[in-house]
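The values are calculated or read from the model by the stated rules, or taken from the named source; none is laboratory data. The shown structure was predicted, so the numbers you read here are calculated from the model rather than taken from an experiment. Here the Cβ positions follow ideal geometry from the backbone for every residue, glycine too, while neighbour counts run over all protein chains shown. Ligands, DNA and RNA are excluded from the accessible area calculation, which covers all protein heavy atoms including side chains. Shrake-Rupley method; radii C 1.70, N 1.55, O 1.52, S 1.80 Å.
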Amino acid sequence: MKVGIVGDATRAVAWEQHLRPHNIVSEVELCPTIQDLNSVDACFILDESPENLQVLLEGVRKGFHCFFIAKQPTDIKMLEKIHRSAKESGCRVQFSQWPSLAPATRWMMDKLPRPSYLHIDKEIEKNTIVNLQPSFKSYWIDEIGLCMKWLDSGIHHIEAKSVFLSGSYPIAIHLFLRFDNGSTATINIYSGSGSNRHQRLAANKHEVLECNVLEQTVRIGRVNDSQRIYFEKQEFDASKAAEKAALLFLKSIQMGKETGYNSYDALQLAIQTERVEARLNQFS
């Protein structure tokens, strides 16, 4: 399989290293723009510019299967065009929705599909955020995207409240989501913490999964024959996330299956992001 990587040369070389170990990849071509790319079996787009969705759309229209590696987009009109073009052309598109593609999360989603309860706590050390408002927004968008993908159901009801210090510093947000299938998800994010902490909890009536996201470890709790709850532990290599996501994308092309986070997922997340923002504005 011949793979093209479009974007910044330094990042492109790093992604090339993720691809080289796999026999599925026979050749890698690095290009600064999508226009420079010749015929390839798959295209990795590394672009954080404001026009990056236009680049993705052009790649899909050229007939390239595309892995879009950038912050999660929320432009509904552009995502509708990309989704429609992908369907018409038969192209596979994967978005780098890292919460859904991380090794620990992929394992949890296979182990416990459609949990009835999700709870997410994320505390961010206050000196680690560079661009405060856009970064803060991307944090909760990423977590909503994971909840939607994992629960695989429409959102029936949204409650949302955010707190801004002095009207401009986003310090906290609380989200409550009730899904059409009866499942619920809560998301709490705090940006003024003294240290970084990130935990996800998923449960149904049979077992509970507790994930330390920063360490990529998962504790699995269930009741044994003696009617006592006991826990097992699984550990995952966070450094392999990009490599595994790339392989997941390439295998979806090879096998003609949907990607790990496709254009429909991205479009639905953008629609729900707009609903959350409307709810936030209602109580601001």
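Limited to the stretch 13-37, what total is found for residues that are loosely packed, with under 11 Cβ neighbours inside 10 Å and among the hydroxyl-bearing types (Ser, Thr, Tyr)?
1
Within the group Pro73, Pro21, which residue is outside any helix (DSSP H, G or I), of a type outside the set (S, T, N, Q) and farther than 21 Å from Leu247 by Cβ? Please lay out each step first, then the result.
Working: Pro21 fails: farther than 21 Å from Leu247 by Cβ.
One residue alone meets the criteria, Pro73.
Can you name the condition, by its number, that Gln54 falls short on among (1) open to solvent by less than 10 Å² (accessible area, probe 1.4 Å); (2) outside any loop (DSSP other than H, G, I, E, B)?
For Gln54, the failing item is (1).
With the requirement that a residue be over 16 Å from the mean Cα position of the chain (by Cα) and either among the acidic types (Asp, Glu) or assigned to a loop (DSSP other than H, G, I, E, B) (or both), what does the stretch 57-70 give you?
Filtering the stretch 57-70 for residues over 16 Å from the mean Cα position of the chain (by Cα) gives 57-65.
Those that are over 16 Å from the mean Cα position of the chain (by Cα) and either among the acidic types (Asp, Glu) or assigned to a loop (DSSP other than H, G, I, E, B) (or both): Glu58, Lys62, Gly63, Phe64, His65.
For residues that are without any contact (Cβ under 8 Å) to a residue 40 or more places away in the chain and open to solvent by less than 10 Å² (accessible area, probe 1.4 Å), tally how many sit in the stretch 38-51.
Pass one, the stretch 38-51, residues without any contact (Cβ under 8 Å) to a residue 40 or more places away in the chain: 38-40, 45, 48-51.
Retained after the next criterion (residues that are open to solvent by less than 10 Å² (accessible area, probe 1.4 Å)): 45.
Here the count works out to 1.
Do we find that Glu88 is touching a strand residue (DSSP E or B) at 6+ places or on another chain (Cβ under 6 Å) and open to solvent by 70 Å² or more (accessible area, probe 1.4 Å) in this structure? Even if it seems obvious, please write down each step before you answer.
Working: touching a strand residue (DSSP E or B) at 6+ places or on another chain (Cβ under 6 Å): no; open to solvent by 70 Å² or more (accessible area, probe 1.4 Å): yes.
No, not satisfied.
I'd like to verify a number: residues in the stretch 212-237 that are open to solvent by less than 60 Å² (accessible area, probe 1.4 Å) and closer than 30 Å to Arg92 by Cα, how many?
Of all residues in the stretch 212-237, those open to solvent by less than 60 Å² (accessible area, probe 1.4 Å) come to 212-213, 216-218, 220-222, 224, 236.
Filter again for closer than 30 Å to Arg92 by Cα, leaving 213, 216, 236.
The number of residues fulfilling the criteria is 3.
Would you mind stating whether Lys77 is in contact with a strand residue (DSSP E or B) (Cβ under 8 Å, 6 or more places away or on another chain) and of a type in the set (D, E, K, R)?
Values: in contact with a strand residue (DSSP E or B) (Cβ under 8 Å, 6 or more places away or on another chain): no; of a type in the set (D, E, K, R): yes.
For Lys77, the condition - in contact with a strand residue (DSSP E or B) (Cβ under 8 Å, 6 or more places away or on another chain) and of a type in the set (D, E, K, R) - is not met.
Please report, ordered by residue number, the strands (runs of 3 or more DSSP E) entirely within the stretch 129-205 with at least 2 residues that are among the hydroxyl-bearing types (Ser, Thr, Tyr), touching a residue at least 40 places away in the same chain (Cβ under 8 Å) and out of contact with any helix residue (DSSP H, G or I) (no Cβ under 8 Å at 6 or more places or on another chain).
Numbers: elements: 155-165, 169-179, 184-193, 197-203.
By residue number, 184-193.
If Arg178 satisfies all but one of (1) closer than 25 Å to Glu277 by Cβ; (2) open to solvent by less than 20 Å² (accessible area, probe 1.4 Å); (3) not acidic (Asp, Glu), what's the number of the condition it fails?
Of the numbered conditions (1) closer than 25 Å to Glu277 by Cβ; (2) open to solvent by less than 20 Å² (accessible area, probe 1.4 Å); (3) not acidic (Asp, Glu), the odd one out for Arg178 is (2).
Could you check the stretch 218-242 and list, in sequence order, the residues that are assigned to a loop (DSSP other than H, G, I, E, B), under 22 Å from Ile120 (Cβ atoms) and without any contact (Cβ under 8 Å) to a residue 60 or more places away in the chain?
Correct list: empty.
Anything in the stretch 197-211 that is open to solvent by 50 Å² or more (accessible area, probe 1.4 Å), over 16 Å from Asp121 (Cα atoms) and charged (D, E, K, R)? List them, or say none.
Selection gives Lys205 alone.
Among the numbered criteria (1) crowded, with 23+ Cβ neighbours inside 10 Å; (2) within 30 Å of Gln234 (Cβ to Cβ), which single criterion is violated by Leu79?
Just one mismatch for Leu79, condition (2).
Taking the criterion of being of a type outside the set (Lys, Arg), surrounded by fewer than 19 Cβ atoms within 10 Å (Cβ to Cβ) and either outside any helix (DSSP H, G or I) or in contact with a Lys or Arg (Cβ under 9 Å, 6 or more places away or on another chain) (or both), would at least one residue in the stretch 91-105 satisfy it? Can you show your working first?
Taking the stretch 91-105 first, the residues of a type outside the set (Lys, Arg) are 91, 93-105.
If we keep only those that are surrounded by fewer than 19 Cβ atoms within 10 Å (Cβ to Cβ) as well, we get 98.
Filter again for either outside any helix (DSSP H, G or I) or in contact with a Lys or Arg (Cβ under 9 Å, 6 or more places away or on another chain) (or both), leaving none.
No - not one qualifying residue is present in the stretch 91-105.
Is it the case that Trp150 is within 23 Å of Gln282 (Cα to Cα) and surrounded by 16 or more Cβ atoms within 10 Å (Cβ to Cβ)? Steps first, please.
Values: within 23 Å of Gln282 (Cα to Cα): no; surrounded by 16 or more Cβ atoms within 10 Å (Cβ to Cβ): yes.
No; evaluated as a whole, the condition is false for this residue.
Working only within the stretch 249-284, note down all residues that are among the β-branched types (Val, Ile, Thr), farther than 17 Å from Cys66 by Cβ and open to solvent by 10 Å² or more (accessible area, probe 1.4 Å). Spell out how you get there, then give the answer.
As a first pass, look at the stretch 249-284 and keep what is among the β-branched types (Val, Ile, Thr): 253, 259, 271, 273, 276.
After this cut, where a residue has to be farther than 17 Å from Cys66 by Cβ as well, the list is 271, 273, 276.
Correct list: Ile271 only.
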